[in-house]
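Just below is one structure, and these are the notes that go with it.
None of the figures in this text is laboratory data; all of them are computed from the coordinates on show. Just so you know, these numbers come straight off a predicted model, no measurement behind them. Note that each Cβ is placed from the backbone with ideal geometry, even for glycine, and that neighbours are counted across all protein chains shown.
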Amino acid sequence: SAAEKGGYDWFMLKEIHEQPQAIADTLLGRIGTDGRLQLDEMRLSDGELREVDKIIVIACGTSYYAGMVAKYAIEHWTRIPCEVELASEFRYRDPILDHTTLVVSISQSGETMDTLMAIRYAREQRARVLSICNTNGSTIPRESDAVIYTHAGPEIAVASTKGFLSQVVACYLLALYFAQVKGAKYGDEIQLILDELGRTPQAVQQVLDNADQIRKLADRLSSNRSIMFLGRHVGYPVALEGALKLKELAYVHAEGFAAGELKHGPIAVIEDGVPVFVVVPPRARDQLQEKIVSNIQEVRARGARTIALVEEGDDTVVPYSDEVIRLPRVPTLLQPLVATVPLQLFACELATQLGHDVDQPRNLAKSVTVE
Ligand code: G6P
């Protein structure tokens with residue numbers, strides 16, 4: 001009913017708007033007054049964590065993209081090598097695991113069969129398993145050595161939104177906790193990031209307040225049958241997630257690319273009128289930004305309609321963009337938390353305009369309990 005949906009047309013839209021709260025609740029009680037992190041359900045001792053020499057993140061779907069984002073943060077703050085792998089591929093490739101490997105599973109539902117089978121396999125190989133999960137007492141956390149719950153609240157729409165943002169936050173808490181346990185060399189940076197994380201609910205709210213712009217954009221682009229997304233660094237998984245959402249909800253052909261790969265193939269499919277969303281790295285990353293600016297020029301020269309997601313106050317890409325979506329200024333590693341939101345809204349609005357059932361897209365299930 002409309003009441004259940006909090007006055008929104010869809011559970012998905014309600015859940016998109018619950019994201020500031022989901023982030024705040026996932027942070028709640030985990031940062032002590034002394035600025036030190038405390039993860040209550042972390043059942044692995046500091047000694048066990050110090051032994052870890054490799055981290056493998058496994059997940060499916062949108063949760064996998066949260067894992068791709070997490071890799072940047074984990075390696076940066078912990079200096080522990082980190083791989084990210086699709087749960088459905090993991091145990092079929094004879095992965096190298098032992099008791100010093102930490103497998104981090106990410107699952108909103110805690111019931112995804114591919115992910116469950118992957119963690120069972122990991123434990124058989126004596127790896128330790130820590131799960132990031134949104135569902136208390138579900139199978140995956142029950143079968144794990146440790147758990148970090150995201151506190152996003154129940155997610156009902158098939159397409160994950162607040163689940164994703166709270167997973168990214170939980171992964172960052174894990175990375176920062178690790179860094180703390182290891183005696184971080186990034187002490188000041190960790191403090192700064194924790195402060196910035198505390199401010200992300202307001203930053204996400206600021207993006208949501210701009211929902212009208214996205215609705216109008218979806219209206220203008222609703223007849224396009226193919227839409228591209230480009231990003232670099234943490235903007236790359238954001239591009240993949242933007243494309244996945246469009247496929248899931250609007251049944252539109254959509255692809256996300258690492259912008260640097262454009263010249264190695266994808267640019268061939270750019271033709272007149274194709275919308276290309278570009279997640280522009282913050283200005284602080286000037287080398288990345290410079291490269292993405294030339295990517296925007298390249299696709300535009302081939303007739304693409306460019307839609308730039310770029311931090312406020314940065315006008316570098318404005319001359320080459322048909323549409324500019326402004327993002328609040330946040331550190332680069334936190335950019336996915338704000339940049340994903342307009343793409344979620346876009347997919348939701350486009351699917352609505354095409355007359356699709358946003359909460360129950362065809363052929364998809366909220367939780368896939370078969371391999
Ligand atoms: C299904 C859902 C996706 C979700 C994926 C992983 O495919 O349709 O939205 O991202 O499962 O789900 P999980 O619960 O493991 O995060």
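Can you give the angle from 0 to 90° between the axis of helix 211-221 and the longest principal axis of the chain, with both taken from C-alpha atoms, to the nearest 10?
On a 0 to 90 degree scale, this one is about 60.
Determine the shape class of the range 318-371: with a ≥ b ≥ c the square roots of the Cα gyration tensor eigenvalues, call it rounded for a/c under 1.5, and otherwise prolate if a/b is greater than b/c, oblate otherwise.
Cα axes put the range 318-371 in the oblate bin.
Fewest to most neighbouring Cβ within 10 Å: what's the order for Trp77, Trp10?
Trp10, Trp77
Straight-line reach only, C-alpha to C-alpha below 18 angstrom: list the lysines that Lys291 could link to, leaving out same-chain residues fewer than 8 apart.
Candidates past the 8-residue exclusion: Lys263.
Please tell me the relative contact order of the chain in percent, rounded to the nearest whole number, where contacts are Cα pairs under 8 Å and at least six residues apart.
Here the relative contact order equals 19 percent.
How much FRET efficiency would the formula 1/(1 + (r/R0)^6) give for Glu290 and Arg79, where r is the Cβ-Cβ distance and R0 is 30 Å, rounded to 0.05?
0.65
Between helix 61-78 and the chain, what is the angle of the helix's C-alpha long axis to the longest principal axis, kept within 0 to 90° and rounded to the nearest 10?
Helix 61-78 sits roughly 60 degrees off the main axis of the chain.
Between Glu51 and Asp322, what is 0.36 nm times their sequence separation minus the Cα-Cα distance? Round to one decimal in nm.
Result for the pair: 92.5 nm of gain on full extension.
Can you put Ser222, Ser45, Ser63 in order, fewest other beta carbons within 10 Å first?
With the fewest neighbours first, Ser222, Ser45, Ser63 line up as Ser45, Ser222, Ser63.
Can you order the peptides 245-255, 198-208, 46-56 by their average number of other Cβ atoms within 10 Å per residue, highest first?
245-255, 198-208, 46-56
Please sort 358-365, 105-112 by packing, taking for each peptide the average over its residues of neighbouring beta carbons within 10 angstrom, highest first.
105-112, 358-365
Cross-link partners among lysines for Lys162, C-alpha distance below 24 Å, same-chain residues fewer than 8 apart left out?
Within the straight-line cut-off, Lys162 pairs with Lys5, Lys14, Lys71, Lys216, Lys245, Lys247, Lys366.
Shape verdict for the range 77-118, please, from the Cα gyration tensor: rounded (a/c under 1.5), prolate (a/b greater than b/c) or oblate.
In terms of gyration-tensor shape, oblate.
Cut-off is 10 Å between beta-carbons; in what order do Met117, Met228, Met68 appear when sorted fewest neighbours first?
Lowest to highest Cβ neighbour count: Met117, Met68, Met228.
Work through the residues other than Ala152 whose Cβ is under 10 Å from its Cβ and net out their charges, Lys, Arg +1 and Asp, Glu -1.
That works out to -3.
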